[in-house]
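Everything below concerns the one structure shown next.
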Amino acid sequence: MNTGLLSVRNVHVNFGGMKVLQGINLDVAQGEIRGLIGPNGAGKTTMLNVISGILRPQQGDIQLAGTSIVGLKPSQIAELGLGRTFQTSQLFKGMTVLENLMTGLHRRTRGGFLTAGFNLKLRQVEEEQMEEQAWRALEFVGMTQFAERTATELSFGQQRVLEIARTLIGEPKVVLLDEPAVGLSATRLIELDTLLRRIRDEKGVTLILIEHVIRLVMEVCDQVTVLSSGSCIADGAPQMVRNDPSVIEAYLGKELRARH
């Protein structure tokens, strides 16, 4: 049985006496865009925290490309090919756009502190290579004109794109995106839709995104998983999920009523 690039099996997470995730199963194929939706408090961000190693489940297993990652540190999971963005900005204040991108590569350099002290030439070569990769990442997201600008001077939408670019620079297999569309205008949403598709189609990266902008989820995602009160209540193609009575009752109906 093909369990996909990322496989989550019977994952349980409890905070005190509260069951935050209850027996979650998830299979995400390579090159897939998977939406993770549900009401506030459903366990979506907890799910990303478990996958990325920030939290350890009390029960269950998670495999990335056939390797169990439960119990590994976030840095070790990142080395295996997992990238992550967060709801709040993780950009470094005072650094330029290009410098912020280069921070995504420092963990991968061969020249540590001792090496740098004895072999400045190696360090210089690595810095040049990182800068070149950072420029390519900026070209991919169409932001080369902002390279020397301080990152925090960018618009909110541009900062979100920069954080995605910084994640991609490490050449991950899977990227977890926590509400990438929050606060974006209609024009920026269209641009994000296009960027997510390009990341999948041109780079072959698998994407898992938490998102409350249902229109984006239904248009860009190949498969959608719906959580409610820590349990999976639906999983399948966008149209099937959208028409599922339990999803409408638990989430989509409330979202639609909130707009009117």
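Derivation of every value follows stated rules applied to the coordinates shown; laboratory data play no part. In this text the structure is predicted, and so the values were computed from the model without any measurement. Here Cβ is always computed from backbone atoms with ideal geometry, including for glycine, and neighbour counts include all displayed protein chains.
Could you pull out every one of the lysines with an alpha carbon less than 27 Å from that of Lys44, ignoring same-chain neighbours closer than 8 positions?
Counting by Cα, and skipping residues close in sequence, Lys44 has these lysines nearby: Lys19, Lys73, Lys173, Lys203, Lys254.
Ranking request for peptides 210-221, 128-139: highest mean number of other beta-carbon atoms within 10 Å first, then the rest in descending order. Don't skip to the end; give the middle numbers.
Details: 210-221: 19.1, 128-139: 16.2.
Order by mean packing, descending: 210-221, 128-139.
Please give, to one decimal in nm, the separation of the simple spin-label points placed at Glu127 and Thr150, each 7 Å out from Cα toward the Cβ.
Calculated label separation equals 2.2 nm.
Lys/Arg Cβ at +1, Asp/Glu Cβ at -1, dipole of segment 143-260 taken about the Cα centre: which of Ile169, Ala237, His212 is farthest positive-ward?
Going by the Cα projections, it comes out as His212.
Tell me the relative contact order for the chain as a rounded percent, counting alpha carbon contacts under 8 Å between residues six or more apart. The partial results should precede the final answer.
On the way: 447 pairs, mean separation 68.5, N = 260.
Worked out over the chain, it gives 26 percent.
Which distance in nm do the two modelled labels at Gln90 and Ser229 give, with both placed 7 Å along the Cα-to-Cβ direction?
So the label points at Gln90 and Ser229 sit 3.2 nm apart.
Round to a whole angstrom and tell me the spacing of the C-alpha centers of segment 16-75 and segment 144-220.
For segment 16-75 versus segment 144-220, the Cα centre distance is 21 Å.
Nearest 5 is fine: what % of DSSP beta bridges in the chain come out antiparallel, could you say? Each step should come with its number before you reach the end.
Values: 20 of 36 bridges.
Of those bridges, close to 55 percent are antiparallel.
Tell me the relative contact order for segment 158-260 as a rounded percent, counting alpha carbon contacts under 8 Å between residues six or more apart.
Details: 94 pairs, mean separation 19.6, N = 103.
The normalised contact order for segment 158-260 reaches 19 percent.
Over segment 1-42, what is the relative contact order in whole percent, taking alpha-carbon pairs under 8 Å and six or more residues apart?
38
What number do you get for the chain when its Cα radius of gyration is normalised by 2.2 N^0.38 Å, N = residues? Please report the intermediate quantities before stating the final value.
Details: Rg = 19.2 Å, N = 260, 2.2 N^0.38 = 18.2 Å.
For the chain, the normalised Cα radius of gyration is 1.05.
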